[in-house]
Amino acid sequence: MQLYAIRRRNGWQDGPALEAAAARSKDEGDKMPADVRWIRSYVLAEDDGTLGTVCIYEASSPEKIREHAARVGMPADEISVVADTVIVRPDPVAVAA
């Protein structure tokens, strides 16, 4: 499996819509364990007020990522192979309110 970054632009109107898509994504990914594995996502505020994401996946091919996205009903605008990882600092951990 190869590591990929997927850019999903303007995919969701709000947080609840994104959360619903994330649940579908996990369920569909669990049905494709040899082909797609979701690692993490970063949620982005788009210029038009919608939400987009940059997602990190392990996958057997870009085609399997597109198949997974189609099953879930989410965009997969750009799919790029991750050549390397440079970690300067770990991701920040949200503090519970």
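Once backbone amide H atoms are built at 1.01 Å from N, VAL82 has LEU3, TYR4, ALA5 as its partners under 5 Å, excluding neighbours fewer than 5 places away on the same chain.
As a check on your grasp of the helix formula, calculate [θ] at 222 nm for the chain: sum -39500 (n - 2.57) over DSSP H runs of n ≥ 4, divide by the residue count, round to the nearest 500. Please list the in-between numbers first.
On the way: 2 runs with 27 residues, N = 97.
Taken over the chain, the calculation gives -9000 deg cm²/dmol.
Note on the chain: with a GNM built from Cα contacts shorter than 10 Å, the maximum mean-square fluctuation among ALA70, ALA83, ALA20 falls on ALA83. For the chain, modelled as a GNM whose springs connect Cα atoms under 10 angstrom apart, the maximal fluctuation among SER60, SER80, SER25 occurs at SER80. In order along region 23-30, the Karplus-derived 3J(HN,Hα) couplings, from 6.51 cos²θ - 1.76 cosθ + 1.60 at θ = phi - 60°, round to 5, 4, 4, 5, 4, 5, x, 5 Hz, and Gly and Pro are given as x.
In order along region 32-39, the phi-based Karplus estimate (6.51 cos²θ - 1.76 cosθ + 1.60, θ = phi - 60°) of 3J(HN,Hα) comes to 10, x, 7, 10, 9, 9, 6, 9 Hz; Gly and Pro are listed as x. Who wins for biggest fluctuation among VAL72, VAL86, VAL36 in a Gaussian network model of the chain, springs between alpha carbons below 10 Å? In the Gaussian network model the winner is VAL86. Note on ALA34/ASP91: beta-carbon distance plugged into 1/(1 + (r/R0)^6) with R0 of 22 Å gives a FRET efficiency of 0.20. Rounded to the nearest 20, the Cβ-based charge dipole of the chain about its Cα centre (Lys and Arg +1, Asp and Glu -1) stands at 200 debye.
Where a number appears in this text, it was derived from the coordinates with a stated rule and is not lab data. Everything numeric in this text was worked out from a predicted model, so none of it was measured. Here Cβ is always computed from backbone atoms with ideal geometry, including for glycine, and neighbour counts include all displayed protein chains.
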